[in-house]
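Here's the structure we're looking at; comments come further down.
The values are calculated or read from the model by the stated rules, or taken from the named source; none is laboratory data. As the structure is a computational prediction, the values presented were derived from the model and not from experiment. Neighbour counts run over all protein chains shown; Cβ positions are idealised from the backbone, glycine included.
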Amino acid sequence: MEIKDNTFARQFETLVDGKLISVEYSFQDKKIFLTRITTFEGFDDESILEHLITQILEIAEERKLKVVPILPKIAAFFRKNPQYKFLLPPGIKI
């Protein structure tokens, strides 16, 4: 899966079956706030979303950013995958 960081639209994007899936973000200091997931109508493949989130977290790790999961679906991903909790900023417990 290829992920494009569209800095103009402030979102990570990928194509699934020729249709766009995106995760919107915003920056503050050395933190990236993941705020919204946009999918196309009829999309319900959780494994693709989990793979997308995993790749976004790897990008954040490479850029030495802390991740603030605003969206409940992303917070649930952190609960399910405790190996990524080191990306959370101090004081945020999920």
Might you check whether a residue that is out of contact with any Ser or Thr (no Cβ under 8 Å at 6 or more places or on another chain), closer than 19 Å to residue 9 by Cα and in a helix (DSSP H, G or I) occurs anywhere in the range 38-51? no
All but one of (1) modelled with pLDDT under 95; (2) surrounded by 13 or more Cβ atoms within 10 Å (Cβ to Cβ) hold for residue 82; which doesn't? (2)
Within the range 68-91, which residues are in a loop (DSSP other than H, G, I, E, B) and under 15 Å from residue 35 (Cβ atoms)? 70, 71
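With the requirement that a residue be charged (D, E, K, R) and either touching a Cys at 6+ places or on another chain (Cβ under 8 Å) or more than 26 Å from residue 86 (Cβ to Cβ) (or both), what does the range 14-55 give you? Please lay out each step first, then the result.
Within the range 14-55, the subset charged (D, E, K, R) is 17, 19, 24, 29-31, 36, 41, 44-46, 50.
Across the range 14-55, the qualifying residues are 17, 19, 41, 44, 45.
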Need pairs with beta-carbon distance below 9 Å; first residue more than 13 Å from residue 23 (Cβ to Cβ) and within the range 39-62, second assigned to a helix (DSSP H, G or I); sequence gap 6+ or separate chains. 43/49; 61/84; 61/86; 61/87
State whether the residues of the range 60-67 include one that is in contact with a Pro (Cβ under 7 Å, 6 or more places away or on another chain), outside any helix (DSSP H, G or I) and either under 19 Å from residue 4 (Cβ atoms) or modelled with pLDDT of 95 or more (or both). yes
Run down 65, 52, 20 and say which single residue is surrounded by fewer than 16 Cβ atoms within 10 Å (Cβ to Cβ), touching a strand residue (DSSP E or B) at 6+ places or on another chain (Cβ under 9 Å) and of a type in the set (A, V, I, L, M, F, W, C). 20
